[in-house]
Amino acid sequence: MLTPENLFDKANETAKFLLNKTGGRVPEYAIVLGSGLGTLIEDIDIEIELAYKDIPNFPVSTVEGHKGSLIFGMLSGKFVMAMNGRFHFYEGYSMYQVTFPERVMKLMGIDKLIVSNASGGVNKSYKIGDVMLIRDHINFFPEHPLRGKNDPRFGPRFVNMSEPYSKKMIAVVEKYAKEHKICYQKGVYLGLSGPTFETIAEYNMVRVLGADAVGMSTVPEVIVAKHMNMEVFGISVITDIDDPELIQSVNHEEVMKEAKKAEPVVRELVRALVKLY
Ligand code: HPA
């Protein structure tokens, strides 16, 4: 079991295992591929692929549509590590398990993280299929990933969260998107536990709280990344909208289908960021 007491040693063990596989090469970026966004790996010249089950201390991903493997290879001329499948809190993992890969990334020497996900749009001007650059988040998970004894080798007890998503990275992507006439939204992501999709009343609550989109991942990972002072870029595909008519049909298949459609845009923006930053 992962605990605040053994987390550093376990993550260090896993980091060493992975660096051994890469021959000591440290990826410049880690990329977490969210629901329906797995084809991002088609852009990577894969050199190494490891199933999560073959990586010491790694949890194993279970949710439908998520494959569990870690990929190393070249993307836009840079050596990257991509997680094909993440660990969701709703699957029953502890918060230490959900965020274990980020601990490992940092101990491998990786300082830049890209996270992607699918989310429900609550901003009235959003449409299904929109791509949203995450500029901030609201943590609505029932448990905090940093609760418990703090290990100062990772970072401080009280973490500054004034810039969870790198303004510099967002600026690079926005400039590229504008130059290439790619439409995007920029908004606030509210993360909650799931696995239920929201009731109409809950979608309304999310909007009132100041978010533009809602989903069941990402926030714990970003908190832990910021604990270790990583630079983070987040991107979300709006796969459903809280329109009372439309939302009746929201289900996992629909989410995956819509995420797939927006995938080329997400892929292009991620490739551009890795190349230009
Ligand atoms: N709510 C929560 N998580 C989601 C949604 C949603 O509407 N769409 C995709 N992931």
From Cα pairs below 8 angstrom and at least 6 apart in sequence, can you work out the relative contact order of region 40-168, rounded to a whole percent?
16 percent
Beta carbons within 10 angstrom, averaged per residue: use that to sort the peptides 215-227, 19-31, highest first.
215-227, 19-31
Centroid-to-centroid separation of region 125-146 and region 21-55 [C-alpha atoms, Å]:
23 Å
Ordered by packing density, taken as the mean number of other Cβ atoms within 10 Å over each peptide's residues, highest first, how do 141-154, 262-275 rank?
262-275, 141-154
What does the extension gain come out to for GLU163 and GLU179, with contour length at 0.36 nm per residue minus their alpha carbon separation?
3.2 nm
Note on region 151-255: contact order normalised by length, alpha-carbon pairs under 8 Å, 6 or more apart, percent, works out to 34 percent
Net charge near SER236, counting Lys/Arg +1 and Asp/Glu -1 over other residues with Cβ under 10 Å of its Cβ?
-2
Note the full-extension length gain between THR196 and ASP111 as 0.36 nm times their separation in residues minus their Cα-Cα distance, in nm to one decimal.
27.3 nm
Determine the sum of side-chain charges near ARG157: Lys and Arg each +1, Asp and Glu each -1, restricted to other residues whose C-beta is under 15 angstrom from that of ARG157.
+3
Can you give the local net charge around LYS16? Use residues other than it whose beta-carbon is closer than 14 angstrom to its beta-carbon, Lys and Arg +1, Asp and Glu -1.
+3
How high is the FRET efficiency between VAL208 and GLU253 when r is their beta carbon distance and R₀ equals 30 Å, given to the nearest 0.05?
0.55
Computed ³J(HN,Hα) along region 193-207: with the Karplus parameters 6.51/-1.76/1.60, θ = phi - 60°, integer Hz and x for glycine or proline, the list is 6, x, x, 6, 5, 6, 6, 4, 5, 5, 4, 4, 4, 4, 5
Per-residue ellipticity at 222 nm for the chain, helices alone: DSSP H runs ≥ 4 residues times -39500 (n - 2.57), over residue total, nearest 500 deg cm²/dmol?
-9500 deg cm²/dmol
Relative contact order of the chain: what whole-number percent is it, with Cα pairs under 8 angstrom and at least 6 residues apart?
26 percent
Say each of LEU19 and ASN229 gets a label point 7 Å from the Cα, pointing the same way as Cα to Cβ; how far apart are those two points in nm?
1.7 nm
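Since every read-out is calculated from the coordinates, none of them should be taken as a lab result. Here the structure is a predicted model, which means the values were calculated and not measured. FYI the Cβ positions are ideal-geometry reconstructions off the backbone, even for glycines, and counts take in every protein chain you see.
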